[in-house]
Amino acid sequence: MIKIAIIGYGYWGKNLFRNFISNEKCEVVSVADTDALKLNQLKQNYPSVKTHESFIDILKVEEIDAVVIATPSSTHFKLSKLALDHNKHVLVEKPMTTSFSEAKELLEIARQRDKIILVDHTFLYTPAVQKIKQIISENEIGNLNFFDSTRINLGIFQSDVNVLWDLAAHDISILNYLVPEKPVSVQAIGISHTQNDIENIAYLSIRYNSDFIAHFNCSWSSPVKIRMLLIGGDKKMIAYNDLEPTEKVKIYNSGISLKTDDEKNKFLVDYRTGDLFIPKLENTEALYNLVNEFVSCIQNKRQPLSDANFGLEVVRILDAAQQSIKNRGIEILLTDI
């Protein structure tokens, strides 16, 4: 049995706790949170779980194999480093850290101590994204042309990171999972409507050496909630609407073809509108899959899908985007990060 400790018993920490407590291959032995009321409620329902108001108490318990960190983004580096220094495996909420240098340091410590870091990029473990990965890998939509993400709502204004770190992190992780080509540069613009200079609306573009391009629209200030991905290939296109209860993924047999009219010296565009196909998706919770992955990786000494290297590359893009925003949208080469 893998012994698990959870740091942070807020909204996401409770979801992680629920999935770990129901996993037969592990045991949640301790939970830490600064809110005594939350801990008291937990203790009433799960009297066998030890509760702590200080995470340091958890790290001193030698029997604990792994620490799950569900705390604000700005604390991820400090808590993950302490857990690794105490020889614990780490599951940390996204983003892995709030700077590329910190992510590199965690990766190196994990290698030195032979410990696993799983970054909670939850969407990689959803049946929808797994299905899209399969469709792309089987070349059903052809060569990829674009990736367009809209993730907006009237959301919670974070106090430690801007809207890209909060929202775009999800879709950047999906992008990096689906697209094998490595990006070369980013450009981002954003605006803060508060006094803390943290952007609540931002737009990010990611460039590649090929003709593929990715774009992200993120906002905490939208009157409507949209969670939409559009992925275009030269054969077919995919729409992924995460707010749909069942038909989340739709494949459109639509596109364009170009030809040249030499006499008129111009391009002609032919439009193709074909059938719509809606694949059947498995009905499993992403966090259930993620928790299984974490426990299995510890038991079998293998790296998870969203390991430290994967988390590092997401942070690389976010760090570059942050630099671009603060410099009025200049292009930032990812090799310079």
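A few comments on the model shown:
- Residue count for the stretch 96-106 satisfying the condition of being within 17 Å of the chain's Cα centre (by Cα) and either more than 28 Å from E285 (Cα to Cα) or in a helix (DSSP H, G or I) (or both): 3.
- Looking only at the stretch 188-204, and only at residues there that are surrounded by fewer than 18 Cβ atoms within 10 Å (Cβ to Cβ) and of a type in the set (S, T, N, Q), the one that is modelled with the lowest pLDDT: Q195
- Selection count, the stretch 32-70, where residues are β-branched (V, I, T) and in contact with a helix residue (DSSP H, G or I) (Cβ under 6 Å, 6 or more places away or on another chain): 4
- Residues satisfying the stated conditions in the stretch 26-57, i.e. of a type outside the set (G, A, S) and within 25 Å of the chain's Cα centre (by Cα): C26, V28, V31, D33, F55
- Listed conditions (1) part of a loop (DSSP other than H, G, I, E, B); (2) modelled with pLDDT of 95 or more; (3) under 18 Å from the mean Cα position of the chain (by Cα); (4) surrounded by fewer than 20 Cβ atoms within 10 Å (Cβ to Cβ) are all met by D148, apart from (1).
Condition check ((1) over 22 Å from L281 (Cα atoms); (2) in contact (Cβ under 8 Å) with a residue 60 or more places away in the chain; (3) touching a Lys or Arg at 6+ places or on another chain (Cβ under 7 Å); (4) not assigned by TED's automatic domain parsing to the domain that holds D234) across all residues:
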position: Q134; (1), (2), (3), (4): no, no, no, no
position: S137; (1), (2), (3), (4): no, no, no, no
position: G142; (1), (2), (3), (4): no, yes, yes, no
position: L164; (1), (2), (3), (4): yes, yes, no, no
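Results for (1) surrounded by 22 or more Cβ atoms within 10 Å (Cβ to Cβ); (2) of a type outside the set (V, I, T), shown as yes or no for each residue.
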| residue | (1), (2) |
| --- | --- |
| D114 | no, yes |
| V119 | yes, no |
| V129 | yes, no |
| Q134 | no, yes |
| G142 | no, yes |
| L154 | no, yes |
| N162 | yes, yes |
| A169 | yes, yes |
| L178 | no, yes |
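- Count of the stretch 45-95 residues, restricted to those that are at pLDDT 95 or above, under 18 Å from I117 (Cα atoms) and in a helix (DSSP H, G or I), is 13.
- No other residue among D319, D234 is of a type in the set (D, E, K, R) and surrounded by 18 or more Cβ atoms within 10 Å (Cβ to Cβ) apart from D319.
- Of the residues screened, D35 is one that is surrounded by fewer than 16 Cβ atoms within 10 Å (Cβ to Cβ), among the acidic types (D, E) and under 17 Å from W12 (Cα atoms).
- Of all the residues in the stretch 208-249, those that are assigned to a strand (DSSP E or B) and free of Cβ contacts under 8 Å to residues at least 40 places away in the same chain number 2.
- Condition met for L118 (under 21 Å from the mean Cα position of the chain (by Cα) and not in a helix (DSSP H, G or I)): yes
- Number of residues in the stretch 166-200 that are part of a helix (DSSP H, G or I) and either over 11 Å from the mean Cα position of the chain (by Cα) or not assigned by TED's automatic domain parsing to the domain that holds R227 (or both): the value is 1.
- Hey, V29 surrounded by 14 or more Cβ atoms within 10 Å (Cβ to Cβ), in a strand (DSSP E or B) and either assigned by TED's automatic domain parsing to the domain that holds K115 or of a type in the set (S, T, Y) (or both) or not: yes
- Taking the criterion of being within 20 Å of the chain's Cα centre (by Cα) and among the acidic types (D, E), the residues of the stretch 232-254 that qualify are D242, E244.
- Summed over the stretch 258-295, residues that are surrounded by 14 or more Cβ atoms within 10 Å (Cβ to Cβ) and either of a type in the set (S, T, Y) or modelled with pLDDT under 95 (or both) total 1.
The values are calculated or read from the model by the stated rules, or taken from the named source; none is laboratory data. On a predicted model such as this, the values are computed, not experimentally measured, just so you know. Positions of Cβ are generated from backbone atoms using ideal geometry, with glycine treated the same way; all protein chains shown enter the neighbour counts.
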